[in-house]
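Please treat every number below as a calculation from the coordinates, not as lab data. All of these numbers come straight from a predicted model, not from anything done at the bench. Cβ sites come from the backbone with ideal geometry, for glycine too, and all protein chains shown count toward neighbours.
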Amino acid sequence: MQKVIIAVFLSFSLAAAAAAQETRVIELKKPQLTKGKAVMTALNRRQSVRWFDKRELDLQTLSNLMWAATGVNREDGRRTNPTAMNRQEIDVYACLKDGAYLYNPQKHILEQVSAGDCRVLGAPVTLAIVAKEELPNNYHYTDAGYVSQNIYLFAAGMGLATVARGSMPDGLQDTLRIKKGYKIILNHPVGYPNTDK
Ligand SMILES: Cc1cc2nc3c(=O)[nH]c(=O)nc-3n(C[C@H](O)[C@H](O)[C@H](O)COP(=O)(O)O)c2cc1C
């Protein structure tokens, strides 16, 4: 009997270890809080850009981007983006070359959700703004808009290109493994502008 219990315990431990290994995690770098153009210059440069260079974003720039979109900016866990009643019902996913990741703002890490490629318009990174549909007055749409504007202003301040898109690529829901009750509101390709266009 004891041998059976040990065997069952071992097989559960091995399965748990295998599952843990499959979840790739990207540890992001601390955001660089003094980088970028002044806010008035960023506002003046904010625009939608739809043509991207193939150049990858480095880890520091990706880290700054995720934090700007919806990072924790206060000790009480509040974020760079406001949410109605502080529900924090918005998730931001990052589509990268090697798969789709969910941003964990508390840990400032990206956790892989699938190996699919959900990037759009040839950009090296595409963010997806996803909301839990639970708020009265459709506030989750408003809240998604603040995240979008954070991304726009970050891009403008850093010399990057981005555009908010309501049109979604096929299969995005599956690639992101969207949780029940959640909806993709916008996708945001981000990268260096293609100046040939
Ligand atoms: C909610 C929303 C959805 C949008 N959807 C798309 C889209 O699907 N495709 C696209 O190319 N641009 C999309 N845009 C970008 C707008 O076309 C763009 O903001 C508008 O033309 C004004 O240009 P500007 O951002 O450069 O000021 C969207 C913008 C918003 C706010």
How far is the Cα center of the range 80-107 from the Cα center of the range 133-197, in Å? 10
Arrange the peptides 119-130, 68-79, 23-34, 181-192 so that the one whose residues have, on average, the most other Cβ atoms within 10 Å appears first. 119-130, 181-192, 68-79, 23-34
Relative contact order, percent, the chain [alpha-carbon distance under 8 Å, six or more residues apart]: 27
For the range 67-156, alpha-carbon Rg relative to the globular expectation (2.2 N^0.38 Å, N residues): 1.08
Within the range 141-170, list the residues whose amide N lies under 13 Å from a label point set 7 Å along Cα→Cβ of GLU133. 141
Among the DSSP H helices of the chain, those whose Cα atoms extend at least 15 Å along the helix axis and whose mean Kyte-Doolittle hydropathy is 0.5 or higher are 2-22, 59-70
Between LYS37 and ASP117, what is the label-to-label distance in nm when each label sits 7 Å out along the Cα-to-Cβ direction? 3.2
When ranked by the protection proxy of mean other Cβ atoms within 10 Å per residue, highest first, what sequence do the peptides 41-47, 173-179, 157-163 form? 157-163, 173-179, 41-47
State the Kirkwood hydrodynamic radius of the range 25-191 in Å, one decimal place, computed from all pairs of distinct Cα atoms. 15.8
